[in-house]
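The structure appears below as structure tokens.
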Amino acid sequence: MYKVPGSGVAVGTGVGSLAATGAGVVWWVVAGAVLLVAGLLLTRASRERRATADE
């Protein structure tokens with residue numbers, strides 16, 4: 001197996017590419033949830049602004 005330099009994780013162990021970066025999985029889940037909420041808020045604000053402009 002090949003060991004990614006600086007990560008301490010061997011490639012091919014089934015850990016996954018996110019864990020191979022050295023960051024905890026919880027951090028990636030939290031970051032994904034924050035980005036999802038931010039995207040939903042921006043989409044909602046954009047739709048409300050467009051609806052107001054059409055009136």
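The values are calculated or read from the model by the stated rules, or taken from the named source; none is laboratory data. This structure is a prediction, so every number in the text was calculated from the model and none was measured. As a convention, Cβ positions derive from the backbone with ideal geometry for all residues, glycine included, and neighbour counts pool all protein chains shown.
Of all the residues in the chain, those that are out of contact with any strand residue (DSSP E or B) (no Cβ under 8 Å at 6 or more places or on another chain) and either charged (D, E, K, R) or at pLDDT 70 or above (or both) number 32. Filtered by the rule that a residue be exposed (fewer than 10 other Cβ atoms within 10 Å of the Cβ) and among the hydroxyl-bearing types (Ser, Thr, Tyr), the range 33-55 gives a lone residue, Thr52.
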